[in-house]
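Working notes for the structure below.
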Amino acid sequence: MFLLNCYKVYWLKKKLIVNTPDQGIADFQNSDYVIVTVPTPINEQREPDLSALISASHYIQQNLQKGQTFIFESSTYPGTLEEVIIPIVSQGGQKVGEDFYIGYSPERIDPANSQYSVQDIPKVISGQTEQCKQKVQDLYSTIFDVVVPVSSPKVAEMCKLFENIQRLVNISLVNELNTLCESLGIDFYEALEAASTKPFGFTPYWPGPGIGGHCIPVDPLYFQWRIKKNGKISKIIEAAHVINEEMPEKIVRKVKGVVRSPASVLIVGIAYKKDVNDLRESPALPIIELLIKEGYEIEYHDPYISSAKFGDKLYQSVSLNEQVIKQADCILILTDHSTIDWKLFKGMKRVIDTRGIIKKVSV
């Protein structure tokens with residue numbers, strides 16, 4: 001098996017594959033299965049960048065061996081496998097379902113989630129033909145407790161977008177409601193907790209400084225780009241995206257309301273979500289850049305990210321203690337890491353808590 005993704009460690013433990021850290025053409029050609037998980041970001045125009053996916057497809061076409069099965073997992077818009085990947089892979093005249101097999105299965109990984117291990121998460125699978133789908137199912141049934149076959153790769157591709165569009169829309173909604181509640185003098189968190197007591201028909205989402213990571217901010221834009229090709233647009237996705245884009249300036253305005261520059265701001269947490277070391281699309285990045293531009297002196301603490309570059313300067317994570325906290329003119333909480341002692345901030349003034357974590361801390 002030619003494998004370069006998050007399942008490798010698990011399969012090594014199960015002795016389903018051997019460890020080949022320097023996989024090359026020989027490993028590829030001797031593999032029955034090839035799993036492709038490459039980045040699918042957006043470009044400067046906020047359009048899909050399929051360059052890595054296209055490059056991987058050409059590599060497959062050049063080294064394909066009869067009978068191999070190729071499974072793509074990268075998040076992308078519906079129709080990518082059928083309209084982009086398969087035409088490249090079959091350029092040499094090979095036929096899908098005869099000379100090679102191909103399918104799509106969206107990656108479902110939640111970093112730092114201790115509740116669900118890899119095999120616990122239901123695995124959605126598809127194939128370009130029924131034989132392709134069976135090949136994919138044969139492999140993934142060896143690792144996942146539940147395999148969910150769907151009728152086509154387009155459905156599987158849309159499945160992943162559904163999941164992340166829902167989160168974008170709902171998180172953007174609560175971020176906007178949080179702002180509106182503040183304008184009405186309403187404690188948003190108290191209202192949300194009260195609404196959460198309803199045992200049916202309500203799912204709570206919690207606000208924050210914006211949406212980050214490599215999936216939720218990006219995947220909806222892939223869908224929006226694709227439907228625009230058909231002359232359509234999702235107004236609700238567009239609105240959610242605008243709300244998310246506006247969050248950094250809203251947060252900086254809050255800082256200005258607490259203390260004017262020049263002043264020092266201690267940023268607590270810069271990762272895009274709690275308990276990870278991932279900075280990709282983190283809302284902390286544009287917020288910190290804006291604060292620096294406005295003349296604020298920045299320090300940050302993140303137990304998972306020891307150093308980070310903002311502008312032309314490399315910053316080191318500072319230790320979090322009473323002295324560091326007292327020296328800061330303003331404290332801005334952006335990531336609610338579990339390992340941080342939030343009691344340090346209880347009752348303090350000049351704290352902007354974008355996650356509502358201090359309210360949850362018992363005295």
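The values are calculated or read from the model by the stated rules, or taken from the named source; none is laboratory data. None of these values were measured; they are calculated from a predicted model. Ideal geometry is used to build each Cβ from the backbone, glycine not excepted, and the neighbour counts take in all protein chains shown.
With respect to Ser55, is the statement that it is under 30 Å from Asn277 (Cβ atoms) and either assigned to a helix (DSSP H, G or I) or without any contact (Cβ under 8 Å) to a residue 60 or more places away in the chain (or both) true? Even if it seems obvious, please write down each step before you answer.
On the way: under 30 Å from Asn277 (Cβ atoms): yes; either assigned to a helix (DSSP H, G or I) or without any contact (Cβ under 8 Å) to a residue 60 or more places away in the chain (or both): yes.
For Ser55, the condition - under 30 Å from Asn277 (Cβ atoms) and either assigned to a helix (DSSP H, G or I) or without any contact (Cβ under 8 Å) to a residue 60 or more places away in the chain (or both) - is met.
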field: Hits in the range 304-323 (condition: under 22 Å from the mean Cα position of the chain (by Cα) and either crowded, with 17+ Cβ neighbours inside 10 Å or touching a residue at least 60 places away in the same chain (Cβ under 8 Å) (or both))
entry: Tyr304, Ile305, Ala308, Phe310
- request: Report yes if Ile331 is out of contact with any Leu (no Cβ under 7 Å at 6 or more places or on another chain) and either of a type in the set (Asp, Glu) or more than 29 Å from Asp219 (Cβ to Cβ) (or both), otherwise no.
  value: no
- request: Scan the range 58-94 residue by residue and report those that are under 24 Å from the mean Cα position of the chain (by Cα) and either assigned to a loop (DSSP other than H, G, I, E, B) or farther than 13 Å from Cys132 by Cβ (or both).
  value: Glu73, Ser74, Ser75, Thr76, Tyr77, Pro78, Gly79, Thr80, Val84
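So that you can scan it fast, the table gives a plain yes or no per residue for (1) part of a loop (DSSP other than H, G, I, E, B); (2) surrounded by 13 or more Cβ atoms within 10 Å (Cβ to Cβ):
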{"site": "Pro199", "(1), (2)": "yes, no"}
{"site": "Pro204", "(1), (2)": "yes, no"}
{"site": "Ile216", "(1), (2)": "yes, yes"}
{"site": "Lys254", "(1), (2)": "no, yes"}
- prompt: Counting just the residues of the range 120-147 that are within 22 Å of the chain's Cα centre (by Cα) and among the hydrophobic types (A, V, I, L, M, F, W, C), which one comes out nearest to Gly97 (Cα to Cα)?
  reply: Ile125
Residues (surrounded by 13 or more Cβ atoms within 10 Å (Cβ to Cβ) and part of a loop (DSSP other than H, G, I, E, B)) located in the range 324-345: Ala328, Asp329, Leu334, Thr335, Asp336, His337, Ile340
statement: Sole miss for Val148 among (1) assigned to a strand (DSSP E or B); (2) at pLDDT below 90; (3) of a type in the set (Val, Ile, Thr) is condition (2)
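Would you check which residues across the range 95-119 are of a type outside the set (Gly, Ala, Ser), assigned to a loop (DSSP other than H, G, I, E, B) and either over 18 Å from Gln62 (Cα atoms) or within 28 Å of the chain's Cα centre (by Cα) (or both) and list them?
Of the range 95-119, the ones of a type outside the set (Gly, Ala, Ser) are 95-96, 98-102, 104, 106-111, 113, 115-116, 118-119.
Those still in the list that are assigned to a loop (DSSP other than H, G, I, E, B) too: 95, 98-99, 106-111, 113, 115-116.
Hits for the range 95-119 are Pro106, Glu107, Arg108, Ile109, Asp110, Pro111, Asn113, Gln115, Tyr116.
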message: Restricting to the range 72-111, name every residue that is surrounded by fewer than 17 Cβ atoms within 10 Å (Cβ to Cβ), in contact with a Cys (Cβ under 7 Å, 6 or more places away or on another chain) and touching a residue at least 60 places away in the same chain (Cβ under 8 Å).
response: Ile109
- prompt: If you check Leu161, Leu184, which single one turns out to be surrounded by 15 or more Cβ atoms within 10 Å (Cβ to Cβ) and either within 26 Å of Glu82 (Cβ to Cβ) or more than 22 Å from the chain's Cα centre (by Cα) (or both)?
  reply: Leu161
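Among the residues of the range 129-144, is any surrounded by fewer than 17 Cβ atoms within 10 Å (Cβ to Cβ), assigned to a loop (DSSP other than H, G, I, E, B) and of a type in the set (A, V, I, L, M, F, W, C)?
Yes, the range 129-144 has at least one match.
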- request: Find all pairs meeting these conditions: Cβ atoms under 8 angstrom apart; at least six residues apart or on different chains; first residue within the range 175-194 and farther than 21 Å from Glu249 by Cα; second residue of a type in the set (A, V, I, L, M, F, W, C).
  value: Asp187/Cys181; Ala191/Cys181; Leu192/Val174; Leu192/Trp206
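Identify all residues within the range 106-135 that are of a type outside the set (Ser, Thr, Tyr) and touching a strand residue (DSSP E or B) at 6+ places or on another chain (Cβ under 8 Å); write none if there are none.
If the condition is that a residue be of a type outside the set (Ser, Thr, Tyr) and touching a strand residue (DSSP E or B) at 6+ places or on another chain (Cβ under 8 Å), then Pro106, Arg108, Pro122, Lys123, Val124, Ile125, Gly127, Gln128, Gln131, Cys132, Lys133, Lys135 are the ones that fit.
Quick check, is Ser152 hydroxyl-bearing (Ser, Thr, Tyr), surrounded by fewer than 19 Cβ atoms within 10 Å (Cβ to Cβ) and within 30 Å of Phe70 (Cβ to Cβ)?
On the way: hydroxyl-bearing (Ser, Thr, Tyr): yes; surrounded by fewer than 19 Cβ atoms within 10 Å (Cβ to Cβ): yes; within 30 Å of Phe70 (Cβ to Cβ): yes.
Spelling it out, Ser152 is indeed hydroxyl-bearing (Ser, Thr, Tyr), surrounded by fewer than 19 Cβ atoms within 10 Å (Cβ to Cβ) and within 30 Å of Phe70 (Cβ to Cβ).
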- request: Would you check which residues across the range 271-292 are in contact with a helix residue (DSSP H, G or I) (Cβ under 9 Å, 6 or more places away or on another chain) and either surrounded by fewer than 17 Cβ atoms within 10 Å (Cβ to Cβ) or on the phi > 0 side of the Ramachandran plot (or both) and list them?
  value: Glu289, Leu290
- request: Scan the range 218-231 and give yes if some residue there is in a loop (DSSP other than H, G, I, E, B), surrounded by 12 or more Cβ atoms within 10 Å (Cβ to Cβ) and either assigned by TED's automatic domain parsing to the domain that holds Lys273 or not aliphatic (A, V, I, L, M) (or both), otherwise no.
  value: yes
Which numbered condition Tyr315 fails, given (1) more than 17 Å from Pro209 (Cβ to Cβ); (2) of a type outside the set (Asp, Glu); (3) in a loop (DSSP other than H, G, I, E, B): (3)
